[in-house]
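The numbers here are math on the coordinates, done by the rules we state, and not lab data. The structure presented is a predicted model; accordingly, all values stated were derived computationally and were not measured. Neighbour counts are summed over all protein chains in view; Cβ atoms, including those assigned to glycine, are modelled from backbone coordinates with ideal geometry.
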Amino acid sequence: MDKKTVRDVEVAGKKVMVRCDFNVPIDDRGNITDDTRIVASLPTIEFLLERGAKVILMSHLGRPKGKVDDKFSLRPVARRLAELLDTEVLMADDVVGEDARQKASILKQGQVMLLENVRFHKEETENDPGFAKKLAEMADVFVNDAFGAAHRAHASTAGITAFLPAVAGFLIEKELKALGQALQDPARPFTAILGGAKVSGKIGVISNLLDRVDNLLIGGGMSYTFFKAKGLNVGNSLLEEDYIETAAAALEAAKRKGVNLVLPSDVVVASSFDNDADHYTVDAEGIPDDYMGLDIGEKTIGVYRDIILKSATVVWNGPMGAFEMPTFARGTREIADAMSRCGGTPIVGGGDSAAAVSQMGYEDKMTHVSTGGGASLEFLEGKELPGIASLLNK
């Protein structure tokens, strides 16, 4: 963590613009159904308020594609923030328009305001310098605390840093510390668990981790491309034909580097992608032609659990099966349970695995659950994240 943080700048009396990740699920009635990301931003906001800053918050929500759309308004977020902070949160009617500028100009110490959805402007995702400059003109200091958007070179994450002193918030600091420690100096044995639907989205991660881990456990839909690479029948299971050779190369690389890469030895197969479909467990070699694999089986759970419990560092990204259906959630739940009981450092790398851990009630038992799906994946891949690279170095 060689980046400056909010601790390294004087904020008293200054207007501090904070990029948060308030991209939260909101139902048709305007109710926030999961406020995890809002809660994660509180330490930085409260720190700034306690030190007499005038706090201006900004975020995206959904994909309004550069158009003003009420269903993507941040007003529900402002209401929830006001409850959590127990203070008024001024809501701007726009992003860089007259209302936002006027409210920012009269903001007092210890007050908070929230700009409307930055993605109501197409210039945000285009990283337009003029738009970034207009954002910057409302503040004296910029704080990036949106790890979930740090892999995007957008105006509110990277572009704005050309116009203001830019530092990290506590959430980004926490994310970089947890994930960085795991990659740079992990306690061993170091085990990575990769699941999710596709090999294509994880190739860079696999390649980077094979130089670092002792064990690599594979699950989810991506495992069937590995099965095919080993010459096994996968029936109607998810398969990326174009990545069979890539999967074969990864198996070969693991062998060459002495990494214990483990594939499921048995899987739960179903007649269709349906919670009530006919299903049973078969060995990996025995997937029938007209069935599809939707979860890891009992033997695999036992093997994976044993490896996890003996590990000092475990990083997990991607569910073991179609966990959104209760019938096929057991593998993912058992991995979460094993991680919660491992005596080492269990880290969940965002996205669906973070959602599963939260949904299944294991979140509090993990050392760290990342708030960024795409960002944590790119970090594990060894890529530079534009929203972090552009912050001031210590």
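Structure notes:
- With K and R counted +1 and D and E -1, the other residues having a Cβ less than 12 Å from that of residue 191 yield a net charge of +2.
- Straight-distance crosslink candidates among lysines, where the alpha carbon sits under 17 Å from residue 103 and sequence neighbours closer than 8 are dropped: 14, 15, 54, 134
- Rounded to whole numbers, the Karplus 3J(HN,Hα) couplings from phi for the range 42-48 are 4, x, 5, 4, 5, 4, 5 Hz, using 6.51 cos²θ - 1.76 cosθ + 1.60 with θ = phi - 60°, and x at Gly and Pro.
- Rounded, prolate or oblate (a/c below 1.5 giving rounded, otherwise prolate when a/b exceeds b/c) for the range 178-260 by Cα gyration tensor: prolate
- Each Lys and Arg Cβ is given +1 and each Asp and Glu Cβ -1; about its Cα centre, the chain then shows a dipole of about 1340 debye.
- Dividing the mean sequence gap of close Cα pairs (under 8 Å, 6+ apart) by how many residues the chain holds gives a relative contact order of 16 percent.
- Per residue, the convex hull spanned by the Cα atoms of the range 285-394 measures out at 143 cubic angstrom.
- In this structure the amide hydrogen of residue 18, modeled in the peptide plane, comes within under 5 Å of the amide hydrogens of 56, 57, 58, 143, none closer than 5 places in sequence on its chain.
- Exposure proxy ranking, count of Cβ atoms within 10 Å, fewest first, for 327, 157: 327, 157
- Considering only the range 6-169, percent of DSSP beta bridges that pair antiparallel, nearest 5: 5
- Straight-distance candidates among the lysines for linking to residue 383, with alpha-carbon spacing under 22 Å and chain neighbours fewer than 8 residues away dropped: 3, 4, 174, 177, 198, 202, 257, 394.
- DSSP assigns beta bridges within the range 177-380; of those with both partners inside it, close to 35 percent run antiparallel.
- Relative contact order of the range 144-286, defined on C-alpha pairs under 8 angstrom at six or more residues apart (%): 18
- Using a Förster distance of 41 Å, the FRET efficiency for residue 137-residue 383 (Cβ separation, nearest 0.05): 0.85
- Likely footprinting exposure, 101, 19, fewest C-beta neighbours within 10 Å first: 101, 19
- Reciprocal mean inverse distance between Cα atoms of the range 6-169 - Kirkwood radius, Å: 15.4
- Counting only DSSP beta bridges whose two residues both lie in the chain, roughly 25 percent are antiparallel.
- Among residues other than residue 299 with Cβ under 10 Å from its Cβ, the summed charge is -3 (Lys and Arg +1, Asp and Glu -1).
- The modelled label-to-label distance for the pair residue 290/residue 341, using points 7 Å beyond Cα in the direction of Cβ, is 3.9 nm.
- Placing R0 at 41 angstrom, the Cβ-Cβ distance between residue 299 and residue 28 gives a FRET efficiency of 0.45 after rounding to 0.05.
- Rg/Rh (Cα only; Kirkwood hydrodynamic radius) as it applies to the chain: 1.02
- Look at the alpha carbon pairs under 8 Å that are at least 6 residues apart: their mean separation over the length of the range 6-169 gives a relative contact order of 29 percent.
- With the charge dipole of the chain set up from +1 on Lys and Arg Cβ and -1 on Asp and Glu Cβ about the Cα centre, the Cα lying farthest toward the positive end among the listed residues 166, 206, 373 is that of 166.
- Cross-link partners of residue 299 among aspartates and glutamates (Cα-Cα below 14 Å; sequence separation of 8 or more within a chain): 266, 283, 285, 334
- Legend: ranking of residues 152, 188, 51, 79 from fewest to most surrounding C-beta atoms inside 10 Å; resulting order 188, 79, 51, 152.
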